[in-house]
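Engineer: Got a structure here, written out as structure tokens. Questions coming.
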Amino acid sequence: MNKNNPIGIFDSGVGGLSVANCIRTELPHEDLLYVADSAYAPYGNQTQTFIEQRSIILTEYLLAQRAKAIVVACNTATVSAIKTLRKMFTIPIIGVEPGVKPAALSSKSGVIGILATEQTLKSYSFNFLAERFASDVKVEVQACSGLVEQIEKMDLEGDKTFALLQRYLQPLLDKNVDTLVLGCTHYAFLLPMIQKVVGDEIDIINTGAAVARETARRLETASLLNTNNRQGIETFWTSGDVTSVTKAISQLWGSTVKVSLMQEGQRN
Ligand code: DGL
């Protein structure tokens, strides 16, 4: 594998850009490939088998674009598919998972709240994580149905998104949660609004930067860090509507980008 090949990243939609942003900061010389599987978002209410199938298709697509490593920038896809992906493919595959451990360590009230999709919260991996690292605290979970759709529509500041957040966050506040884990990569883009709803006293844990550091570590261990001195470039695809996804990605990435249609079945 050539160390100057790109890193492949995927998510059900634009949420994984919150992780890609951190990877860009951590690894400025790496080329990044990003697929937003918007035609099939949200993954949160889908079956594990479906998400696993999509994850295999997206990984194969990125491999055909010469990816040297894959970052599954989606908690739901990680809990549903990462074991299968690691069995099927030999390149480094990095996943994301809710920051249960740092939350449990930093909580003073002894109650932590987890925001994630239905599929993540009911998964074996998440429940194993909570048992292993948060047995000393109370873990209050909240599935946030409808939130990913709002972010895909780029409604990051509107009344409907605010009302949904109030509905999901107030019960956690009532239970004395003092640390909140963003267990879905989409939710990072709602950070200002979440902070507005919960106030400054609540700690919010997002794992994007930790995933970027882990990606760097895994590439280094595999002797796959890029040796270029130039700034890395990004290439974007979506399985959904190119016009609206281009707008969304450009806004979230902070510059005008080109997004191409992911042609399934086409491997190059
Ligand atoms: N970004 C995905 C995650 O981290 C969103 C899942 C969805 O599409 O529902 O879980």
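Engineer: Being within 10 Å of the ligand (Cβ to nearest atom) and more than 15 Å from E214 (Cα to Cα) is the filter here; which residues of segment 19-35 pass it?
Structural biologist: Answer for segment 19-35, where residues must be within 10 Å of the ligand (Cβ to nearest atom) and more than 15 Å from E214 (Cα to Cα): there is none.
Engineer: Residue by residue through segment 14-43, note down the ones that are closer than 15 Å to V96 by Cα and of a type in the set (G, A, S).
Structural biologist: Hits for segment 14-43 are G15, G16, S18, A20.
Engineer: Within segment 182-201, does at least one residue satisfy the condition of being among the β-branched types (V, I, T), in contact (Cβ under 8 Å) with a residue 40 or more places away in the chain and in the same structural domain as S18 (by TED's automatic domain parsing)?
Structural biologist: No, segment 182-201 has no match at all.
Engineer: Just to be sure I understand, how many residues within segment 80-106 are open to solvent by 100 Å² or more (accessible area, probe 1.4 Å), aliphatic (A, V, I, L, M) and within 30 Å of S223 (Cβ to Cβ)?
Structural biologist: So the count comes out to 0.
Engineer: Does F128 count as within 23 Å of S18 (Cα to Cα), open to solvent by 40 Å² or more (accessible area, probe 1.4 Å), assigned to a helix (DSSP H, G or I) and more than 16 Å from the ligand (Cβ to nearest atom)?
Structural biologist: No; evaluated as a whole, the condition is false for this residue.
Engineer: If you don't mind, another one. Filter segment 107-116 down to residues that are of a type in the set (V, I, T) and open to solvent by less than 10 Å² (accessible area, probe 1.4 Å) and give me whichever is farthest from the ligand (Cβ to nearest atom).
Structural biologist: Filtering segment 107-116 for residues that are of a type in the set (V, I, T) and open to solvent by less than 10 Å² (accessible area, probe 1.4 Å), the one farthest from the ligand (Cβ to nearest atom) comes out as I112.
Engineer: Could you say whether any residue in segment 14-33 is more than 25 Å from G254 (Cβ to Cβ), among the polar types (S, T, N, Q) and assigned by TED's automatic domain parsing to the domain that holds S239?
Structural biologist: No.
Engineer: Then there's this: Among the residues of segment 142-189, count how many are away from the ligand (no atom under 15 Å from the Cβ) and among the small types (G, A, S).
Structural biologist: So the count comes out to 2.
Engineer: Condition first: aliphatic (A, V, I, L, M) and under 30 Å from G110 (Cα atoms). Now tell me which residues in segment 197-247 satisfy that.
Structural biologist: Hits for segment 197-247 are V197, V198, I202, I204, I205, A209, A210, V211, A212.
The values are calculated or read from the model by the stated rules, or taken from the named source; none is laboratory data. Here the structure is a predicted model, which means the values were calculated and not measured. Quick reminder, even Gly has a Cβ in these numbers, built from the backbone with ideal geometry, and neighbours come from all protein chains shown. Protein only, heavy atoms only, side chains kept; ligands, DNA and RNA dropped before computing areas. Shrake-Rupley method; radii C 1.70, N 1.55, O 1.52, S 1.80 Å.
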